[in-house]
Amino acid sequence: MSSLRPSIAEIEARLRQTLAPLTLAVQDDSAQHAGHAGAREGGHYSVTLVSARFTGLNRVARHRLVYHSMAELMQQGIHALAIDARAPDEV
């Protein structure tokens with residue numbers, strides 16, 4: 001891992017390990033936030049994932065699952081994480 005922030009591969013690996021998504025896309029949006037005060041604190045990422053783990057859960061509970069799975073990486077250089085989390089029947 002870089003000293004500034006985790007790689008997309010590391011984020012994907014963590015989400016695959018903990019949430020077993022059917023589909024997963026991770027995008028590094030950091031360049032769009034260059035110069036922003038928070039950009040010095042870490043990267044900005046967007047994640048879109050579909051997982052059976054989200055079935056029956058509301059948006060807040062889904063986001064909590066994602067943040068829980070990313071907890072260690074959040075402390076290692078992620079400043080912002082935009083999440084689109086869906087159950088398989090919502091695709």
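Of the residues 16, 53, 62, which single one is more than 16 Å from residue 82 (Cα to Cα), surrounded by 15 or more Cβ atoms within 10 Å (Cβ to Cβ), of a type in the set (Lys, Arg) and modelled with pLDDT of 95 or more? Unique residue meeting the criteria: 53.
Just checking, does the stretch 38-50 include any residue being of a type outside the set (Phe, Trp, Tyr), modelled with pLDDT under 95 and under 10 Å from the mean Cα position of the chain (by Cα)? Quick ask: steps written out before the conclusion?
Filtering the stretch 38-50 for residues of a type outside the set (Phe, Trp, Tyr) gives 38-44, 46-50.
Add one more test, that the residue is modelled with pLDDT under 95, and what stays is 38-44.
Of the ones still in play, those that are also under 10 Å from the mean Cα position of the chain (by Cα) are 44.
Looking for residues that are of a type outside the set (Phe, Trp, Tyr), modelled with pLDDT under 95 and under 10 Å from the mean Cα position of the chain (by Cα), one finds at least one in the stretch 38-50, hence yes.
A Cβ distance below 6 Å, combined with a sequence gap of six or more or placement on separate chains, defines the contacts here; from the stretch 74-88, residues that are under 12 Å from residue 6 (Cα atoms) reach residues that are among the acidic types (Asp, Glu) and not in a strand (DSSP E or B) in the pairs 79/41.
The values are calculated or read from the model by the stated rules, or taken from the named source; none is laboratory data. As the structure is a prediction and not an experimental result, all values here were calculated from the model. Glycine gets a Cβ as well: all are built from the backbone with ideal geometry, and neighbour counts include every protein chain shown.
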